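Here's the structure we're looking at; comments come further down.
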Amino acid sequence: MALDGNSAVAEAMRQINPDVMAAYPITPSTAIPQAFAQYVADGAVDTEFVPVESEHSAMSACIGAAAAGGRVTTATSANGLALMWEMLYVAASMRLPIVIADVNRALSGPINIHCDHGDSMGTRDAGWIHLFSENAQEAYENTLQAVRIAEHPDVRLPVMVMQDGFITSHTMERVEIYDDAEVKDFVGPYRPGYPLLDLDHPVTYGALDLADFYFEHKRAQIEGMRHATRVIQDVGAEFGRRFGRPYSLFDAYGMDDADLAIVVLASTAGTARCAMDALRAKGVRAGLIKPRVFRPFPGKELIEALRNVKAVAVMDRSVSFGAMDNSGPLWLELLAAAQLHKLAIPIVEYVFGLGGREITPGDIENIYRDLAMIAATDTFSRPVTYLGVRGDEDFQSAAPVAVRAMA
């Protein structure tokens, strides 16, 4: 079918047929609940659609419905996700397997409706599993798998499925939609763990939890997140057996003999792949890693995939203000993993694309060229580069300044 990313996610939700969707519209995710509301009106799903007065209320309603024993979904972006902030922690702490489609968009201010990853990255410590999608096909398939991952008895955590605002969400492309019956069989029936409406087995949700038990409940959440790494891989492998597209923690492209590697999330991986292919044709041994899973962070697995390269560039479409060198979260996580798993190679950072700033294949080719210089000298001029910022031309490259001048 010819679908944009939002329509592909709405199609996945139609096939999942959740018990409840509670949502409040916000650009660029509005088309997801809008399309799904039409499915409800047409009788294509059995879902109770709950229109609410804010995103905080949307997540609150999702929490109530999930605690009652329902399979629950919603969708949002940027400021809407931020307005849910309090309730995101509640959903994860109560171990409720809610699935949210987050269409990545820059957070205010200034007001911006275009893509960067600042919204979902801000929630990275809220206890949600994070899946990133490169294109509409992956957004569709990640949504289908998210239900299985969230509801697995060893996990029981909410899942956030990301796609890039406007770049993926509003771009029409060819998407393979699987047979409804096959999807229904893959997703399976929902078996709630401890529903409030099971009056024969009463449970408590949202109780006061002070120093006597709070720590143990957090430890249980950690265990669920630890199990998620295995479950994500198992569900992705089963998806591949059923539908021909296996999924894992990340995609590695050209890494078998790569000397230089870029690590980047979501739609920019497609641009990077084009740049990498052009350089490969010229004899440059370039590679690419596209993480699919950011939470739980697959540090050990990523480091093993990078073990034989000579230099790495991480591309972050967000900034952790005040963090080391005011860098992005993906770089910081990878640096920590490299230290823990003893990978001693240059790993530099490129912050790019904030607020929807364009990134081109030429920009990424230049990053690979920087990496070639860094690998040759085993040094770099700065750890963090802000790529494409006007008036900052001296900081567009991490390559050693003297080597760049000679080149």
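Kindly list the number of the only condition in (1) under 28 Å from N6 (Cβ atoms); (2) surrounded by 12 or more Cβ atoms within 10 Å (Cβ to Cβ) that fails for D209.
Here D209 meets the rest and fails (1).
From the list V284, V314, V309, which residue is within 27 Å of T123 (Cβ to Cβ), of a type in the set (A, V, I, L, M, F, W, C) and modelled with pLDDT of 95 or more?
Answer to the check: V314.
Report yes if V155 is more than 16 Å from the chain's Cα centre (by Cα), among the hydrophobic types (A, V, I, L, M, F, W, C), closer than 22 Å to M121 by Cα and crowded, with 21+ Cβ neighbours inside 10 Å, otherwise no.
So V155 fits the description; yes.
Would it be correct to say that P195 is surrounded by 13 or more Cβ atoms within 10 Å (Cβ to Cβ) and within 21 Å of I63 (Cβ to Cβ)?
It is true that P195 is surrounded by 13 or more Cβ atoms within 10 Å (Cβ to Cβ) and within 21 Å of I63 (Cβ to Cβ).
Given D234, D251, D277, which one is acidic (D, E) and within 15 Å of the chain's Cα centre (by Cα)?
D251
Starting from the range 256-268, take each residue that is assigned by TED's automatic domain parsing to the domain that holds S133 and list its partners that are in a loop (DSSP other than H, G, I, E, B) and crowded, with 24+ Cβ neighbours inside 10 Å, counting only C-beta distances under 7 angstrom and pairs at least six apart or across chains.
Taking only residues 6 or more apart or on different chains, not a single pair turns up.
Any residue at all in the range 87-99 that is free of Cβ contacts under 8 Å to residues at least 60 places away in the same chain, more than 16 Å from the chain's Cα centre (by Cα) and within 22 Å of G5 (Cβ to Cβ)?
No; the residues of the range 87-99 include none that is free of Cβ contacts under 8 Å to residues at least 60 places away in the same chain, more than 16 Å from the chain's Cα centre (by Cα) and within 22 Å of G5 (Cβ to Cβ).
How many residues are part of a loop (DSSP other than H, G, I, E, B) and either under 19 Å from V351 (Cβ atoms) or out of contact with any helix residue (DSSP H, G or I) (no Cβ under 7 Å at 6 or more places or on another chain) (or both) if we restrict to the range 246-283?
Summing the residues that are part of a loop (DSSP other than H, G, I, E, B) and either under 19 Å from V351 (Cβ atoms) or out of contact with any helix residue (DSSP H, G or I) (no Cβ under 7 Å at 6 or more places or on another chain) (or both) in the range 246-283 gives 9.
Could you tell me which of the residues R105, R71, R156 is among the basic types (K, R) and out of contact with any Gly (no Cβ under 7 Å at 6 or more places or on another chain)?
R71
Do the conditions hold for E141, that is, is it in the same structural domain as I26 (by TED's automatic domain parsing) and within 14 Å of the chain's Cα centre (by Cα)?
yes
What do you reckon, is G328 surrounded by fewer than 18 Cβ atoms within 10 Å (Cβ to Cβ), within 21 Å of H117 (Cβ to Cβ) and not aliphatic (A, V, I, L, M)?
no
Filter the range 192-209 down to residues that are touching a His at 6+ places or on another chain (Cβ under 9 Å) and either not in a loop (DSSP other than H, G, I, E, B) or not charged (D, E, K, R) (or both), then give me how many there are.
2
Listed residues L260, L208; which is at pLDDT below 95 and among the hydrophobic types (A, V, I, L, M, F, W, C)?
L208
Quick test of your reading of the structure: Q38 fulfils all but one of (1) under 19 Å from Y140 (Cα atoms); (2) in contact (Cβ under 8 Å) with a residue 12 or more places away in the chain; (3) not β-branched (V, I, T). Name the failing condition by number.
(2)
Could you list, in sequence order, the residues of the range 99-113 that are closer than 30 Å to R156 by Cβ and either surrounded by fewer than 24 Cβ atoms within 10 Å (Cβ to Cβ) or modelled with pLDDT under 95 (or both)?
L107 - this is the single residue of the range 99-113 that is closer than 30 Å to R156 by Cβ and either surrounded by fewer than 24 Cβ atoms within 10 Å (Cβ to Cβ) or modelled with pLDDT under 95 (or both).
Looking only at helices (runs of 4 or more DSSP H) that lie completely in the range 1-85, which have at least 3 residues being assigned by TED's automatic domain parsing to the domain that holds L157 and within 20 Å of the chain's Cα centre (by Cα)?
Correct list: 5-16, 31-42, 78-83.
Looking only at the range 230-264, which residues are in contact with a Leu (Cβ under 7 Å, 6 or more places away or on another chain) and either among the small types (G, A, S) or closer than 20 Å to L330 by Cα (or both)?
I232, F250, Y253, G254, L260, A261, I262, V263
Need pairs with beta-carbon distance below 9 Å; first residue farther than 15 Å from A269 by Cβ and within the range 157-179, second crowded, with 24+ Cβ neighbours inside 10 Å and at pLDDT below 95; sequence gap 6+ or separate chains.
Within 9 Å, no pair qualifies.
Could you check R273 against (1) farther than 19 Å from V161 by Cβ; (2) in the same structural domain as A136 (by TED's automatic domain parsing); (3) touching a Phe, Trp or Tyr at 6+ places or on another chain (Cβ under 7 Å) and say which number it fails?
In the conditions (1) farther than 19 Å from V161 by Cβ; (2) in the same structural domain as A136 (by TED's automatic domain parsing); (3) touching a Phe, Trp or Tyr at 6+ places or on another chain (Cβ under 7 Å), R273 misses (2) alone.
The values are calculated or read from the model by the stated rules, or taken from the named source; none is laboratory data. Predicted model only: the values in this text are computed from it and were never measured. Please note: Cβ atoms are built from the backbone with ideal geometry, for glycine as well, and neighbour counts cover all protein chains shown.
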